[in-house]
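Working notes for the structure below.
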Amino acid sequence: MTELRTFIEAFLMALLILLFLATVIFLSFTLWSMTELPEGPFNPFITVTGLTVALLGLYGIIRVYTVFPPHVMLSRTIKTLPWEVVSLFQTRDRGECKGNIKIVVEGPYSCVRHPLYSSVTLFFLGLSFIKAPLLITTATLFIAYRLLGYIEERYLNQVTCGEYEKAMKGIPSINPLLMMLCILKDLANKLRRRA
């Protein structure tokens, strides 16, 4: 029964995310069309560069999911989302201090605190090289993820009794370009091990 519940929670969260993304992309193309600027693609070099950056972002997303499987991550998000939204309007924290939660600081989490958000932003940044209206999507996602990251960090810091902040000290929150460098470094290390 617990597995079914986790699956349903993950499915609902995935639907919410897809609905949000579809809305942002639709609005991006609508706003861009009002500017009468060209949408792209502009030239083959920029297209190949954009595809490369998008693929690196996709690799980053997959890499994060090796640490936290999608159904686990999405299920946890939908459980904490109401608290996170309500916390925006509260001055004091309401999360219960548990203190025994494992904080992951290895793998992609050693580069940035929110590697999934950074990777998704990197993915859309790459696609925006191909279709310029996606620049609006990228900017919107970056702002939304910064806000969500702030809220999540507040929550995690509360439920870990301040340990989250100590563990993540010196690690940037969301940085797609730093994430891209970490992905390239990860890929280079994997290639070296195979050689």
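Derivation of every value follows stated rules applied to the coordinates shown; laboratory data play no part. In this text, all values refer to a predicted model and were calculated from it rather than measured experimentally. Don't worry about glycine lacking a Cβ; one is built from the backbone with ideal geometry, like all the others, and counts go over all protein chains shown.
Taking region 36-49 as the range and being out of contact with any Ser or Thr (no Cβ under 9 Å at 6 or more places or on another chain) and surrounded by 10 or more Cβ atoms within 10 Å (Cβ to Cβ) as the test, the residues that pass are Leu37, Phe42, Ile46, Thr47, Val48, Thr49.
I need the full set of residues from region 136-159 which are more than 11 Å from the chain's Cα centre (by Cα), touching a residue at least 24 places away in the same chain (Cβ under 8 Å) and either within 30 Å of Thr49 (Cα to Cα) or assigned to a loop (DSSP other than H, G, I, E, B) (or both), in order please. Hits for region 136-159 are Ile136, Thr137, Thr140. Applying a threshold of 7 Å to beta carbon distances and a minimum spacing of six or more residues, or different chains, the list of pairs starting in region 39-68 at a residue that is on the phi < 0 side of the Ramachandran plot and ending at one that is in a loop (DSSP other than H, G, I, E, B) reads Glu39/Lys131; Glu39/Ala132; Glu39/Pro133; Thr47/Pro41; Val67/Val104. Taken over region 18-35, the criterion of being under 22 Å from the mean Cα position of the chain (by Cα) and exposed (fewer than 13 other Cβ atoms within 10 Å of the Cβ) is satisfied by Leu18, Leu19, Ala22, Thr23, Phe26.
Of the helices (runs of 4 or more DSSP H) lying entirely inside region 1-92, the ones with 3 or more residues being among the charged types (D, E, K, R) are found at 2-35, 70-87. The set of residues in region 160-171 that are assigned to a helix (DSSP H, G or I) and touching a residue at least 60 places away in the same chain (Cβ under 8 Å) comprises Glu163, Tyr164, Ala167.
Among the residues making up region 172-195, those that are closer than 21 Å to Phe123 by Cβ and outside any helix (DSSP H, G or I) are Pro172, Ser173, Ile174, Asn175.
No other residue among Tyr164, Tyr117, Tyr155 is within 15 Å of Gly57 (Cα to Cα) and aromatic (Phe, Trp, Tyr) apart from Tyr117.
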